[in-house]
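Novice: My questions all concern the structure below.
Values quoted throughout were computed directly from the atomic coordinates according to the rules given, and no laboratory measurement underlies them. Keep in mind that what you see is a predicted model, and the values were worked out from it rather than measured. Here the Cβ positions follow ideal geometry from the backbone for every residue, glycine too, while neighbour counts run over all protein chains shown.
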Amino acid sequence: MSRFINWRKSSYSNNGGACVEVGIAPGVVGVRDSKLGEDSPILAVTPADWSAFVSAVKAGQFDL
């Protein structure tokens, strides 16, 4: 989807292909599978939902 610009991959990503990219567009944050690149489906969420998700990850709420 061309409206997402500046797709970014985590600095923790490796070349093993198990990575996601995050792209920002006005009013929406997109997440896609980096190994599929432009052909990847995009999960789109609101900036508020993305912020809540990132905060939860940082707080360890998804740790196993």
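Novice: At a Förster distance of 25 Å, what's the computed FRET efficiency of Leu36 paired with Ser11, Cβ-Cβ distance as r, to 0.05?
Specialist: The computed FRET efficiency comes out at 0.80.
Novice: Another question, if that's okay. What does the charge add up to near Ser10, with Lys and Arg as +1, Asp and Glu as -1, over the other residues with Cβ less than 14 Å from its Cβ?
Specialist: Here the count lands on +3.
Novice: Any idea what the dipole of the chain comes to, in debye rounded to 20, about its Cα centre with Lys/Arg Cβ at +1 and Asp/Glu Cβ at -1?
Specialist: 140
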